[in-house]
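K.L.:
Sending over a structure as structure tokens; questions will come in a sec.
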Amino acid sequence: MILPRRLSELLGDRRFLRLWLIGLFSMGSRWLEMLVVGIFAVETTGSPVLVALLVIMRMLPLAVFGSIVGTFADRLAPRFLLSCSLVVATMVSLAVLALALSGVASYWHVALGTFLSGVVWTTDMPVRRRLIGDVAGVSRMASAMSLDSATSNAMRLIGPLFGGLLYQWLGLGGAFGLAAALYAVCLILVPGVPRAFVTSGVGQRSARMLGDLGDGFRYLGREPEIRRVLYVTVIFNIWGFPFVSMIPVIGTEKLGLSAAAIGALAALEGGGAFAGALLIAAIGVRPGWYRRLYFFGTASYSAFAFVVGWMTETPPLAVVIFMAGLAAAGFSTMQTTLIYGIAPPEMRGRMLGILSLTIGAGVIGFTNIGLMGELFGGANAVRIVAAEGLVAALVLGLRWPRLWRDGDGP
């Protein structure tokens, strides 16, 4: 079987296994926290705006600090950076646990913790995922990133399920207690990861940090292929992914579904992305197809989202949401793969940091679709935003020559 052979080859590498497990446990904590803080915000404030603000606060550090963290990643030892980020994550979860157990936890305590967790999130692309690329090598890159993406999508299903059960059983403290334990396990795994990146700037003078940040943006200005990859990330995060926030609105307004049914519908998007990423990891993709899978996966996601806005029956809606998730796998598996493959080793941390910055554009996307939903209703908001994304993708696709040419490398 292709799948067991490819996966066993990757998971048999102890360095990759440790990095993958760190991703597994940290992403499980991240998605668990996202659900739990939303429930807590609803119960304590009753304000949809304040619930949405927590999502924005988690994503804001990507936009503000993404490129800066990427620059540090090119200068400092990755094991040190990974350890620091996980220590912060563990301490934040323990602090929320202590506040909850003492009965004084408030919305603003949770909001601050959410923001700090977002800061930790900025290290994932330029540190952990870059190390995965170093360990996997060019020949196994697509499979490694696909497996890691599949893991993230699986945690989008499992994390909220456990978070909801723990919150119902033990409250806020129980959920954050589990999150702290998972982060602690990640810390135990860190000593086995590589000490340095392949051809990194570790050990150079830290006084050049600001200059290095400028060098990264100047390099980006000279490299149109990386800019186009980042444009696709912006399109996905502003006009694509935010549509999932309207699934509860559509389920309530148009279909009259229960909360459990709405949750199941929302989970189908992550389920489709999980299945698609596993498929890509299993079959392998020739480098000449990386751009096409990335671009057309994003465009197809917007197309399926547009169809979601027209659905009036639950079964076909479920199928379309699953197909949207399947399309998203092309985006999620190839964005890091392309950046890693195009950028020279000494620039990878900075470029992956800038990638984190563009993911932070989701702050604009969630705000946009939220306002559209207030003005025109959830279904209309999804159609409008998805149509905007399709137009943006069409304009980019027509101006991307290498998208239409086959090739041997990323």
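K.L.:
If you scan the stretch 61-89, which residues turn out to be of a type outside the set (Gly, Ala, Ser), open to solvent by 30 Å² or more (accessible area, probe 1.4 Å) and farther than 16 Å from Arg130 by Cα?
P.N.:
Of everything in the stretch 61-89, those that are of a type outside the set (Gly, Ala, Ser), open to solvent by 30 Å² or more (accessible area, probe 1.4 Å) and farther than 16 Å from Arg130 by Cα turn out to be Val64, Phe65, Cys84, Val87, Val88.
K.L.:
Related question: Let me confirm something: among Gly370, Gly389, Gly325, Gly341, which residue is part of a helix (DSSP H, G or I), open to solvent by 10 Å² or more (accessible area, probe 1.4 Å) and modelled with pLDDT of 85 or more?
P.N.:
Selected residue: Gly341, the only one of Gly370, Gly389, Gly325, Gly341 that is part of a helix (DSSP H, G or I), open to solvent by 10 Å² or more (accessible area, probe 1.4 Å) and modelled with pLDDT of 85 or more.
K.L.:
Between residues in the stretch 263-274 that are among the aromatic types (Phe, Trp, Tyr) and open to solvent by 10 Å² or more (accessible area, probe 1.4 Å) and residues that are part of a helix (DSSP H, G or I) and at pLDDT below 85, which pairs lie under 8 Å by C-beta distance while being six or more apart or on different chains?
P.N.:
Phe274/Ala150; Phe274/Asn153; Phe274/Ala154; Phe274/Arg156; Phe274/Leu157
K.L.:
Pull up the stretch 341-388, narrow it to residues that are under 30 Å from Met141 (Cα atoms) and polar (S, T, N, Q), then point me to the one that is nearest to the chain's Cα centre (by Cα).
P.N.:
Applying the filter and picking the extreme gives Ser356.
K.L.:
With respect to Leu7, is the statement that it is open to solvent by less than 50 Å² (accessible area, probe 1.4 Å) and modelled with pLDDT under 80 true?
P.N.:
When the stated conditions are applied, Leu7 passes them.
K.L.:
Here's something else I'd like to know. For the stretch 114-128, name all the residues that are open to solvent by less than 10 Å² (accessible area, probe 1.4 Å) and either within 18 Å of Arg15 (Cα to Cα) or in contact with an Asp or Glu (Cβ under 9 Å, 6 or more places away or on another chain) (or both).
P.N.:
Thr114, Pro126, Val127, Arg128
K.L.:
Of these, Val135, Val96, Val88, Val92, which one is assigned to a helix (DSSP H, G or I), among the β-branched types (Val, Ile, Thr) and modelled with pLDDT under 90?
P.N.:
One residue alone meets the criteria, Val135.
K.L.:
Which residue is nearest to the chain's Cα centre (by Cα), if the candidates are limited to the stretch 292-319 and must be in contact (Cβ under 8 Å) with a residue 60 or more places away in the chain and in a loop (DSSP other than H, G, I, E, B)?
P.N.:
Gly309
K.L.:
In addition: Keeping to the stretch 239-261, report how many residues are surrounded by fewer than 18 Cβ atoms within 10 Å (Cβ to Cβ) and either in a helix (DSSP H, G or I) or without any contact (Cβ under 8 Å) to a residue 12 or more places away in the chain (or both).
P.N.:
Qualifying residue count, the stretch 239-261: 8.
K.L.:
Continuing with this model, one more query. Have a look at Phe115, Phe80, Phe72 and point out the one that is closer than 16 Å to Phe40 by Cα and part of a helix (DSSP H, G or I).
P.N.:
Phe115
K.L.:
Give me the residue from the stretch 90-112 that is among the small types (Gly, Ala, Ser) and closer than 20 Å to Leu170 by Cβ and, out of that set, least open to solvent (accessible area, probe 1.4 Å).
P.N.:
Taking the candidates together, the pick is Ser93.
K.L.:
Another question, if that's okay. Within the stretch 165-174, does at least one residue satisfy the condition of being under 23 Å from Phe274 (Cα atoms) and buried (at least 24 other Cβ atoms within 10 Å of the Cβ)?
P.N.:
No, the stretch 165-174 has no match at all.
The values are calculated or read from the model by the stated rules, or taken from the named source; none is laboratory data. Everything numeric in this text was worked out from a predicted model, so none of it was measured. Positions of Cβ are backbone-derived with ideal geometry, glycine not excepted, and every protein chain shown enters the neighbour counts. Accessible surface areas use protein heavy atoms only, side chains included; no ligands, DNA or RNA. Shrake-Rupley method; radii C 1.70, N 1.55, O 1.52, S 1.80 Å.
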